[in-house]
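Participant: The structure is given below, and queries will be raised subsequently.
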Amino acid sequence: MEILSSLSLTSSPIPPKLRYIPTPFSVSRLNRSRSSRSLTRCFHNPAVATKFTRIKVGEDFPAEYGEWFPEVDPGRRRRAGVLLHPTSLRGPYGIGDLGREAFNFIDWLHLAGCSVWQVLPLVPPDDEGSPYSGQDANCGNTLLISLEELVSDGLLTTDELPHPIDANSVNYSVVANIKDSLITKAAERLLSSDGELKVQLEAFRRDPGISSWLEDSAYFAAIDDSLRTVSWFEWPDPLKNRHLAALEEIYQSKKHFIDVFITKQFLFQRQWKKVHQYAQIKGVSIMGDMPIYVGYHSADVWANKKYFLLNRRGFPRLVSGVPPDAFSETGQLWGSPLYDWKAMDKDGYSWWLRRIRRAQNLYDEFRIDHFRGFAGYWAVPSDAKVAMVGSWKVGPRTSLFEAISRTVGKINIVAEDLGVITEDVVQLRKYIGAPGMAVLQFGFGSNAENPHLPHNHECNQVVYTGTHDNDTILGWWSNLEEWEKTNVRKYLSTAEGHDEISWSLIQAALSSVAQTTIITMQDVLGLGSSARMNIPATETGNWRWRIPSSTSFDILETEAMRLKDMISMYGRL
């Protein structure tokens, strides 16, 4: 291929070639032993043998033999979906929510033949809206609660609803000012009520799968509300170190706050479960997202210090990040405290088991962000200003997933394996059977071995046109050098220009051998860089994009039918 041999090696770094490991069918193994016993070990499949080997050579097959077709494994079904965070939905109060528009989106997915809705983490975001560095790994983002649904539940009145605002991007502080007080009012009314909803609230509080993390979260939020410090490291020692007398005093003085906090989480859970159940009815699987790390100023760290690499005073010794990459010449300094994997192993990884169970409670499947950290992770001294001064350390590898398998059972995860992917990361992903990822936008800047090019995709993989960290296709295309645009056109065998490039890449992703294709909603709408969700290594101006208020799902039937035609053509219905 002339196009591929001429591609530059200056971008989209290629992982080192994997060491060749002979398979059971390799010549090297067959040469070691010609015995029938060795061949039986290589080729014997009991599931096949029971059906066919009962009949001896030369005998007649049964009359129904002509209908013994290969059975299709439902777990290998080809499918397609859309990435859209709920905050990006239309809505009257400056942010998408879990009300009517979420159900409309599921209807649109069903119309388009999509069977996956991927969301970003549903946790409370940080002040800039990032769901990847929030204050709690298990709580829900209460700003997603629909005020109209609270009216339907009798917890608010129509007259109490605020005046709608027309906002095509999310301003989180404005949204909090509009919604927080009303959600609090609804929670207080539920607490003082009687009836079925109150019974459901009490059952929610007693659920051990919920209370195991929710109580810590509520106490943490109550203390944080009282002291308003930058981090829990600045709290008085009795609270910082969770002395029982200090916690009892907080409970007595902040009981109302704690009860309201828990009730808000119940209201989030109730609305999300309605959305989730409706998606299941429509045949749409919800794929969540789990950041591998948690923020330092969080209930997760404060209540579980022994599982993190902290000094005696409780301050991080090492923090998370990645070495220099395509997004930053000095690396990315994330700053989250690193896990003490040895301590977690001694305790059977109980903290992770709770977190995995919570994810299963919210989603049908979920992506684990920065999966490579389970094989080897980048550790940066906590006083460093840039990530490039860090070093690689060995992760828990298979022991964590074996503990999950023993205790939780089968989990449906996607391994985010982008960036610097060494051989051990690939081996770990294949060991647990998790699909990895490919991103088409990364595919055209190097050579034919680039793993993001469609001819290098794997069946057990999720292929994206772009992720939340990428520009939209139209924005990406606008910033490409002309030689790379030529490479794209040649590879896709298309002469399409600016207006149709989004659909050309969507079609390429859908045609991939990868079992799952995910497309961003921005690319379906053909939007430019202004619709980008996040620019890595930047701290402001991200996580704000919303579907334009003039674009309802009712008027997107043309896009739905175009997408469905492609999904059908490539066997993903």
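The values are calculated or read from the model by the stated rules, or taken from the named source; none is laboratory data. Here the structure is a predicted model, which means the values were calculated and not measured. Cβ atoms come from the backbone with ideal geometry, glycine included; neighbour counts cover every protein chain shown. Remember, those area values only see protein heavy atoms, side chains included, never the ligands or the DNA or RNA. Shrake-Rupley method; radii C 1.70, N 1.55, O 1.52, S 1.80 Å.
Participant: Would you work out what percent of the accessible area of the chain, with all protein chains in place, is carbon or sulfur (probe 1.4 Å)? Mind showing how you got there, number by number?
Facilitator: Values: 14090 of 27090 Å².
Taking all protein chains in place, the chain shows 52 percent carbon and sulfur surface.
Participant: Spelling out what I want: for every residue of the range 274-281, take phi, set θ = phi - 60°, compute 6.51 cos²θ - 1.76 cosθ + 1.60 (Karplus), and round to whole Hz; glycine and proline get x.
Facilitator: 4, 4, 4, 5, 5, 4, 4, 4
Participant: Using +1 at the C-beta of Lys and Arg and -1 at the C-beta of Asp and Glu, which of Leu147, Ala403, Ser391 has the Cα lying farthest in the positive direction of the dipole of the chain?
Facilitator: Ala403
Participant: Moving to a separate point now. Once both labels are modelled 7 Å past Cα along the beta-carbon direction, what's the Lys273-Lys198 spacing in nm?
Facilitator: Between Lys273 and Lys198, the label points sit 1.9 nm apart.
Participant: List the relative contact order of the range 289-414 as a percent without decimals, with contacts defined as Cα pairs under 8 Å and 6+ residues apart.
Facilitator: Computed over the range 289-414, the figure is 29 percent.
Participant: At what distance in nm do the modelled label points of Arg313 and Val174 sit from each other, each positioned 7 Å from its Cα along Cα→Cβ?
Facilitator: Between Arg313 and Val174, the simple spin-label model gives 4.1 nm.
Participant: List every residue whose amide H lies under 5 Å from the amide H of Asp340, counting only residues 5 or more places away in sequence or on a different chain, with H placed 1.01 Å from N in the peptide plane.
Facilitator: Those qualifying (amide H under 5 Å, at least 5 residues apart or on another chain) are Phe308, Leu309.
Participant: Would you kindly state how much longer the chain becomes between Thr229 and Thr422 on full extension, computed as 0.36 nm times their sequence separation minus their alpha carbon distance, in nm to one decimal?
Facilitator: That works out to 65.5 nm of additional length.
Participant: Separate question: When the Cα centres of the range 132-196 and the range 377-439 are compared, how far apart do they sit, in Å?
Facilitator: One Cα centre to the other: 36 Å.
Participant: Using the alpha-carbon centroid of each, what span in Å lies between the range 231-258 and the range 282-342?
Facilitator: Each part reduced to its Cα centre gives a spacing of 24 Å.
Participant: Now for a separate question. Looking at Gly75, Phe204, Ser320, which one has the Cα that reaches farthest to the positive end of the dipole of the chain (charges on Cβ: Lys, Arg +1; Asp, Glu -1)?
Facilitator: Checked the options; the winner is Gly75.
Participant: Using only the alpha carbons of the range 467-573, what is the convex hull's orientation-averaged projected area in square nanometres?
Facilitator: Orientation-averaged projected area of the Cα hull: 8.0 nm².
Participant: For Ala343 and Phe69, what is the calculated FRET efficiency with R₀ set at 41 Å and r taken between the beta-carbons, to the nearest 0.05?
Facilitator: Calculated value: 0.20.
Participant: What list of ³J(HN,Hα) values in whole Hz, one per residue of the range 345-351 in order, does the Karplus curve 6.51 cos²θ - 1.76 cosθ + 1.60 (θ = phi - 60°) give from phi, with Gly and Pro shown as x?
Facilitator: Per residue, the Karplus-derived 3J(HN,Hα) values read 4, 4, 9, x, 6, 4, 4 Hz.
Participant: If one takes the longest principal axis of the Cα atoms in the chain, at what angle in degrees, from 0 to 90 and to the nearest 10, does the Cα axis of helix 398-407 lie?
Facilitator: 70
Participant: In degrees from 0 to 90, rounded to the nearest 10, what is the angle of the helix 557-569 Cα long axis to the longest principal axis of the chain?
Facilitator: The answer is roughly 40 degrees.
Participant: Let me ask you something else. Please give the per residue accessible area of the chain, computed with a probe of 1.4 Å over protein heavy atoms only, in Å².
Facilitator: About 47 Å² of surface per residue is accessible.
Participant: When the Karplus curve 6.51 cos²θ - 1.76 cosθ + 1.60 is applied with θ = phi - 60°, which whole-Hz ³J(HN,Hα) does each residue of the range 526-543 get, with x for Gly and Pro?
Facilitator: x, 8, x, 4, 5, 9, 5, 7, 8, 10, x, 6, 10, 10, 10, x, 9, 6
Participant: Any chance you could tell me what percent of the C-alpha pair distances in the range 292-434 go past 20 Å?
Facilitator: Percentage above 20 Å: 48.
Participant: Next question. Stretch Val394-Thr494 to full length: gain in nm at 0.36 nm per residue minus the Cα-Cα span?
Facilitator: My answer for the length gained is 31.5 nm.
Participant: Now, a different point. Under 5 Å between amide hydrogens, which residues at least 5 positions from Val462 or on another chain qualify, with H placed 1.01 Å from N in the peptide plane?
Facilitator: So Val462 has HN proximity to Gly436, Met437, Ala438.
Participant: Which value, to two decimals, describes the C-alpha radius of gyration of the range 246-364 once divided by 2.2 N^0.38 Å?
Facilitator: Cα Rg divided by the expected 2.2 N^0.38 Å: 1.37.
Participant: I would also like to ask the following. Please label the shape of the range 103-214 as rounded, prolate or oblate, based on the square roots a ≥ b ≥ c of the eigenvalues of the alpha-carbon gyration tensor (a/c under 1.5 means rounded; beyond that, a/b larger than b/c means prolate, else oblate).
Facilitator: Here the range 103-214 falls in the rounded category.
Participant: For the range 413-489, what is the per residue volume of the convex hull drawn over the alpha-carbon atoms, in cubic angstrom?
Facilitator: Each residue corresponds to 99 Å³ of Cα convex hull volume.
Participant: Let me ask something else about it. What size of dipole, in debye to the nearest 20, comes out for the chain about its Cα centre when the only charges are +1 on Lys and Arg C-beta atoms and -1 on Asp and Glu C-beta atoms?
Facilitator: 2480
Participant: List the pairs from Lys179/Lys393; Lys490/Lys564; Lys56/Lys410; Lys274/Lys305 whose alpha-carbon separation is above 32 Å, in the order I gave them.
Facilitator: Lys179/Lys393; Lys56/Lys410; Lys274/Lys305, as the Cα separations exceed 32 Å there.
Participant: Per residue, what volume in Å³ does the Cα convex hull of the chain take up?
Facilitator: Dividing the Cα hull volume of the chain by its residue count gives 202 Å³.
Participant: Nearest 0.05, what FRET efficiency do Asp554 and Glu59 give at R0 = 45 Å with Cβ-Cβ as r?
Facilitator: According to the calculation, E is roughly 0.10.
Participant: So what is the relative contact order for the chain, in percent, with contacts set as C-alpha pairs under 8 Å and at least six apart?
Facilitator: 20
Participant: What are the residues whose amide H is under 5 Å from the amide H of Ser285, where those residues sit 5 or more places off or on another chain and H is modelled from the backbone?
Facilitator: When sequence neighbours closer than 5 places are left aside, the close amide H contacts are Val116, Trp117.
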